[in-house]
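Q: Attaching a single structure in structure tokens format; questions to follow.
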Amino acid sequence: MTADTPRGATPRTATAVRILPALLLIGLALVGPWIAPHPIDTPVTAPYAAGTGEALLGGDQLGRDVLSRLLAGGRDLVLSSLLVAVLVTGTAAVLGAIGAVRPLVGRLVERIADVLMLLPSVLAILLVTLSWPGGGRLAVIAAAVVLGVPYAVRLTAGAAAPVAQAGYVEAAAAGGERLWYLVVREILPNLRATVLTLFGLRFVAAVYLVATAGFLQVGPQPPAADWALMIRENSAGILLNPWAVVAPGAAVALLALSVNLAASALAPQTGRKAVPVQ
């Protein structure tokens, strides 16, 4: 039992408790468009009307149901952020492991990462999306991946370096094993804790970047239901119906926090010492 495990709870139960909010929120975001009580583009009440039985969270700037748009607006954000986190984490893990085994490649990757890290995130999103006018959300995903890999690869390279210097890896290399065998069978399995933690961090960063792009209207466009767009569109009426802004803002924050906690809970807490894979 770890120090952060609640008294009387087993480690497995504590892990399940930390994972459950992320699963529920992601599941709700994925099925939300099908359980929305009203069409997302049809006015059902007065603009910025308070919550009623017809619209529990009131209306937005056009009188559309805030709850329906909230339920429908998270799916693309979740899927985009998950895709970005998977691509960034996978790419960084492979590049970091290769760089640990081949120092020359590692130095080249780090120099490229240093250059890309100098590019401000908002500027990079604008450059990619404006140079790819029809890219839409795909352009935002591409920009988020390009921005995320440099930070992630520095972390994975640092974690992979001591593993690559372990005796069993050196023995496998001396025995003539190929680079991909060393990376896939010897190094990456010993980076599970780092990779899972990194996934959580990159998911949070992806949520931030994708939501920022939505707020800047360089990804999804009105009248699409999107949490970031809801914040931008309804900010002028926050005093009339705060739920139109507070609800999607809270949803973005809870999504990032819950997935980060779930990834941290799934990361191995023991066995930080490299263990050879049989």
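The values are calculated or read from the model by the stated rules, or taken from the named source; none is laboratory data. None of these values were measured; they are calculated from a predicted model. No Cβ is skipped: glycine too gets one built from the backbone with ideal geometry, and neighbour counts run over all protein chains shown. SASA here: full protein model, heavy atoms, side chains in, ligands and nucleic acids out. Shrake-Rupley method; radii C 1.70, N 1.55, O 1.52, S 1.80 Å.
Q: What order do you get for 212-222, 161-171 when each peptide is scored by the mean count of other beta carbon atoms within 10 Å, highest first?
A: Working: 212-222: 19.9, 161-171: 16.2.
Packing proxy ranking, top to bottom: 212-222, 161-171.
Q: Right, next: Given a Förster distance of 30 angstrom, what is the FRET efficiency for Asp114 paired with Leu216, based on the Cβ-Cβ distance and rounded to 0.05? Working shown, then result.
A: Values: r = 27 Å, r/R0 = 0.89.
Working from the Cβ atoms, E equals 0.65.
Q: Pairs of Cα atoms under 8 Å, at least six residues apart: use those to get the relative contact order of the stretch 1-135, whole percent.
A: With pairs under 8 Å counted, the relative contact order is 15 percent.
Q: Averaged per residue, what accessible surface does the chain expose to a 1.4 Å probe, in Å²?
A: Result: 51 Å² of accessible area for each residue.
Q: Right, next: On the accessible surface of the stretch 103-221, probed at 1.4 Å, how many percent belong to carbon and sulfur atoms?
A: Roughly 69 percent, rounded to a whole number.
Q: Still on this model: Can you give the relative contact order of the chain as a percent, counting alpha carbon pairs under 8 Å and 6+ residues apart?
A: Contact order relative to length: 24 percent.
Q: Continuing with this model, one more query. Let me check I've understood the local charge: for Ser81, count other residues with C-beta under 13 angstrom from its C-beta, Lys and Arg +1, Asp and Glu -1. What total comes out?
A: +1
Q: Moving on to the next point. Only helices at least 27 Å long along their axis, Cα-based, and averaging 1.6 or more on Kyte-Doolittle count here, so list those DSSP H runs from the chain.
A: Long hydrophobic helices here: 75-101, 243-266.
Q: Another question, if that's okay. In a shell of Cβ-Cβ distance under 14 Å around Leu198, excluding Leu198 itself, what net charge do Lys and Arg (+1) and Asp and Glu (-1) give?
A: Within the 14 Å Cβ shell, the charges total +3.
Q: Quick one, which of (1) 43; (2) 53; (3) 40 is the actual percent of Cα pairs over 26 Å apart calculated for this model?
A: Here the calculated entry is (2).
Q: Moving on. Let me check I've understood the local charge: for Leu104, count other residues with C-beta under 14 angstrom from its C-beta, Lys and Arg +1, Asp and Glu -1. What total comes out?
A: With Lys, Arg at +1 and Asp, Glu at -1, the neighbours total +2.
Q: In deg cm²/dmol and to the nearest 500, what is the mean residue ellipticity at 222 nm of the chain if only DSSP H runs of at least 4 residues count, each as -39500 (n - 2.57), divided by the residue total?
A: Taking each H run of at least 4 residues, the total per residue is -21500 deg cm²/dmol.
Q: Express the carbon and sulfur contribution to the solvent-accessible surface of the stretch 7-54 as a percent, rounded to the nearest whole number, probe 1.4 angstrom. Could the numbers behind the result be given before it?
A: Working: 2190 of 3230 Å².
Whole-percent figure for carbon plus sulfur exposure: 68.
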